[in-house]
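Right, one structure below, let's go through it.
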Amino acid sequence: MKFIVEQNIPFIKGLLEPYGEVEYLANEDIIPDTVHDADCLVVRTRTKCNAALLDGSKVSLIATATIGTDHIDLDYCRNRGIEVANAAGCNAPAVAQYVFASLLALSNRPLSQYVIGIVGVGHVGKIVEQWARQLDMTVLLNDPPRQAAEGGVQWSTLEEIAEKADIITFHTPLDATTQHLANSKFFASLRRAPIVINAARGPVVDNVALVDALKAGHVHHAVIDCWEGEPKISSELLEAAAVATPHIAGYSFEGKVRGTRMSLDAISRHFGLPQIEMEQHVPAGASPSVNPNAILRSYDPLVDTAELKTHPETFEAQRNHYNLRHEVPFGKID
């Protein structure tokens, strides 16, 4: 068998060699000529897996060491019989850490005095909800797919969140229903000049409209980890954002171990291989209990913000060579 592995995926080198030929390639080198005789691709979000890349190839499995799949043409893969395996939830604790560390860096009063609107209550949103309730915040939840599937009265509309929330944080996947979910109409409807956080996918928030909303005072602060047009990001939004980072909200040591572990498990299942052992221990999920001090000690987003604002031209290098942080530790820190 032949495996093509995106070279920036951590903790994987040397583990697939017993089972076949392995090439570690930069994203720009994962092209039709290099994948035509591959059986498996192990990728990240920068590799566009579609007909242009895969037509005529032998690929039967794409394992993406990421939670998202919007870089993969799922319909094409389904029609071609190519299995797609993602690492759902692998970095959710790190994204929640990013959200609360950013809020604590920007807030001038206890978080318990804020109303937080969580748009998208999946792997990440559930942790954000859990921690927000522990911190005595008022929580509004918006997730139409879950609402349709589960019913209940715990859900809020986007209109209610726009009216009542002091903080609005987006954690949706990117699809036709979430593209520019936060647009000029949405920003104009805001009533409390909230902090707006995008740690989901860049196009979930209309970056041009967000800049206008910041200028007009409809949004008080923007916390942006995911950008439209990455790695060529809006210089206006970069300047205006209070927290601005190069798509690293989920870049924890523990999250990367989980992502690689899940990709290896998918390879073992698909090709009938024994479980591929990793040297790194697969860590547990999010800490079940948090407090502001524990979060603040675990991560300072303003350090990453200063680096990106100073050197925006190195967005991709900052992302690829990020010094993986550790997640919020288990147990309360006084």
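What to note about this one:
- Per-residue ellipticity at 222 nm, computed for the chain from helices alone with -39500 (n - 2.57) per DSSP H run of at least four residues, works out to -10000 deg cm²/dmol.
- Accessible surface of the chain, 1.4 Å probe, proportion on carbon and sulfur as whole %: 51 percent
- Förster radius 30 Å - calculated FRET efficiency between Glu83 and His321 (Cβ-Cβ, nearest 0.05): 0.45
- The Val282 and Glu239 beta-carbon pair, evaluated with R₀ = 56 Å, returns a calculated FRET efficiency of approximately 0.90.
- Extension gain, Arg109 back to Ala306 (0.36 nm per residue minus Cα-Cα distance, nm): 68.6 nm
- For the chain, accessible area per residue (1.4 Å probe, heavy atoms of protein chains only), Å²: 43 Å²
- Each of Gln134 and Ala148 was given a label point 7 Å from its Cα along the Cα-to-Cβ line. The distance between the two points is 3.3 nm.
- Net charge over other residues, Cβ less than 11 angstrom from the Cβ of Ser156 (K, R count +1; D, E count -1): -3
- Protein-only accessible surface at a 1.4 angstrom probe places the residues Glu327, Glu163 in the order Glu163, Glu327, largest first.
- For the peptides 182-194, 54-66, residues were scored by their other Cβ atoms within 10 Å and the scores averaged per peptide; the highest-first order is 54-66, 182-194.
- Charged neighbours of Lys126, selected by a Cβ distance under 13 Å, balance to -1 (K, R count +1; D, E count -1).
- Placing +1 on the Cβ of every Lys and Arg and -1 on the Cβ of every Asp and Glu, with nothing else charged, gives the chain a dipole about its Cα centre of roughly 780 debye.
- Relative to the globular-protein estimate of 2.2 N^0.38 Å, the Cα radius of gyration of region 114-239 stands at 1.00.
- Non-local lysine pairs in the chain, meaning eight or more places apart or on different chains, with alpha-carbon distances under 19 Å, amount to 9.
- For the listed peptides 290-296, 220-226, a ranking on the average number of other beta carbons within 10 Å per residue, highest first, reads 220-226, 290-296.
- Computed from phi, the 3J(HN,Hα) profile of region 144-160 under the Karplus parametrisation 6.51, -1.76, 1.60 (θ = phi - 60°) reads x, x, 5, 4, 5, 7, 10, x, x, 10, 7, 9, 10, 7, 4, 5, 5 Hz, with x in place of Gly and Pro.
- Each Lys or Arg adds one and each Asp or Glu subtracts one; over the other residues with Cβ under 12 Å from the Cβ of Glu316, this totals +1.
- Stretched out straight at 0.36 nm per residue, the stretch from Phe330 to Thr314 would grow longer than its current Cα-Cα span by 2.4 nm.
The values are calculated or read from the model by the stated rules, or taken from the named source; none is laboratory data. Since we're looking at a predicted model, the values are computed, not measured. Note: ideal-geometry Cβ built from the backbone for every residue, glycine included; neighbour counts use all protein chains shown. These accessible areas exclude ligands, DNA and RNA; they are computed on the full protein's heavy atoms, side chains included. Shrake-Rupley method; radii C 1.70, N 1.55, O 1.52, S 1.80 Å.
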